[in-house]
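Before any comments, here is the structure.
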Amino acid sequence: MAVGFSQNDLANGVLENPQKIDALRSTLLQWFKSNGRHYIPWKLTKDGTLPNENQYLAVYPILVAEVMLQQTQLKVVLPYWEKWMLALPTLVDLAKAEEDKVLLLWQGLGYYSRARRLHVTSRILLNLIGIPNSLNPANWPKDLESWMNLPGIGRNTAGSIISSAFNLPSPLLDGNVKRVLTRLIGSTKTPNKDLARLWKLSDLLLDKNLPRTFNQALMDLGATICTKYNPICTNCPWQNYCSAYNSGNPENLPVKGQKLILSKAVIGVGLILNKNQDVLIDQRLDEGSMGGMWEFPGGKKEKDESIEMTIARELREELGVEVKVGKKLIEFDHSYTHKKLHFIVHLCELISGKPKPLSSQEVRWVKLSDLQNYPFPKANSYMISALKEYFLISKTKMK
DNA sequence: GATGCGTGGAC
DNA sequence: TGTCCAAGCAT
């Protein structure tokens, strides 16, 4: 008797067989009791216990966590979330916070537009709920539509929030669930080209009586058993039902999407220092990559240009100043999702002109000891370290 | 519907 | 030193 599912099962209606659905639910929930990740702080009550079916959980901590978790692993998020909740413990605190403070708390997490959208979302929600009511989960919106209309909240995040906070029956489709379901049905389509079917399957399987627990169990299964590499099928509650396992090579699924090609460029950066040893920084435009973050001015090297020429030209174009390009401070590679950049960073001296934000929001002279109060993307943090190191050494030499 | 968006973990 | 991808969303 075949107990597994084939990739045509869903289309053929086999998965709608209530007995098979029940078997999948009960084996997963049973597994979850003793093997789930029961340590996730925003999934617990104030007493640190698992919530029962009738309990709401605090919404704001879940909202923050779910946005941080977009394209980011749980273990990376945990320390950021802890720090965030100490600095901005309530919705009101976030709504009232300065953007620099928000971005500083996000610094290092990447995809910085998430932080700015979450900030906007907090203000919309506060308007909706009102300050006296913002601490009571009962007063928050509970339907998928309302959540999805908020900036930075898509279907998955909205479903996660309302199933986690209110135990409402809304399915999920994150990276873990995509991998688990793709293997379960043995789909040979790359998950992101099969979203409609996977959403349907996630909804079909969801235990409507225990949505919070079921969704968490499904994600935990993906994160701890049905991993990308070396899945531990012998411990999997769905082993006997899994098409990928029955095929003998579960690791072969899901199939990869199109390989993405990184473009390469050399970036010249100028660290302009004045007589007080303040350094010039500028704030990136809100729209576009890493919007609202601060940086050191610079730009892409053209073909027939020396790096000194690049830096002088970029600083002329971006700040309207003439500089003398001095010694090289540091040089390094840094990769982004879609491009690989080689940064070459020189110290510079201002010759003429007053720096103006011609292609940024604002320019500012900052003491080295104050740089920590400005949110910088990762690449700039290497430059800051090198700069501080440099002045530490030159101070030592002067003694 | 394809593409752009940061950083770090795992292999 | 590279590749792939992670609790995705917006455009």
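The values are calculated or read from the model by the stated rules, or taken from the named source; none is laboratory data. Source: prediction; values computed, not measured. Please note: Cβ atoms are built from the backbone with ideal geometry, for glycine as well, and neighbour counts cover all protein chains shown. Calculation scope for accessible area: heavy atoms of the full protein, side chains included, ligands and nucleic acids excluded. Shrake-Rupley method; radii C 1.70, N 1.55, O 1.52, S 1.80 Å.
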- Subset of segment A:75-130 that is open to solvent by 50 Å² or more (accessible area, probe 1.4 Å) and aliphatic (A, V, I, L, M) - its residue that is farthest from A:Pro141 (Cα to Cα): A:Val76
- Please identify the pairs in which a residue from segment A:123-138 that is more than 10 Å from A:Val92 (Cα to Cα) has its Cβ atom under 6 Å from the Cβ atom of a residue that is hydroxyl-bearing (Ser, Thr, Tyr) and modelled with pLDDT of 95 or more, counting only partners at least 6 apart or on another chain. A:Pro137/A:Tyr56
- Working only within segment A:202-242, note down all residues that are over 26 Å from A:Pro169 (Cβ atoms) and surrounded by 20 or more Cβ atoms within 10 Å (Cβ to Cβ). A:Pro231
- Taking segment A:240-277 as the region of interest, how many residues are within 16 Å of DNA strand B (Cβ to nearest atom) and more than 30 Å from A:Ala23 (Cα to Cα)? 11
- Any residue in segment A:256-273 that is assigned to a loop (DSSP other than H, G, I, E, B), open to solvent by 20 Å² or more (accessible area, probe 1.4 Å) and modelled with pLDDT of 95 or more? no
- Being open to solvent by 60 Å² or more (accessible area, probe 1.4 Å), more than 14 Å from DNA strand B (Cβ to nearest atom) and either under 25 Å from A:Asp100 (Cβ atoms) or modelled with pLDDT under 95 (or both), is that true of even one residue in segment A:305-326? no
- Item | Any chance A:Asn133 is within 20 Å of A:Trp199 (Cα to Cα) and either of a type in the set (Asp, Glu) or away from DNA strand B (no atom under 16 Å from the Cβ) (or both) | no
- Note on the structure: Given (1) touching a helix residue (DSSP H, G or I) at 6+ places or on another chain (Cβ under 9 Å); (2) open to solvent by 10 Å² or more (accessible area, probe 1.4 Å), A:Leu387 misses just (2)
- Task: Tell me, please, whether a residue that is modelled with pLDDT of 95 or more, assigned by TED's automatic domain parsing to the domain that holds A:Gly298, within 28 Å of the chain's Cα centre (by Cα) and open to solvent by less than 20 Å² (accessible area, probe 1.4 Å) can be found in segment A:366-375.
- Result: yes
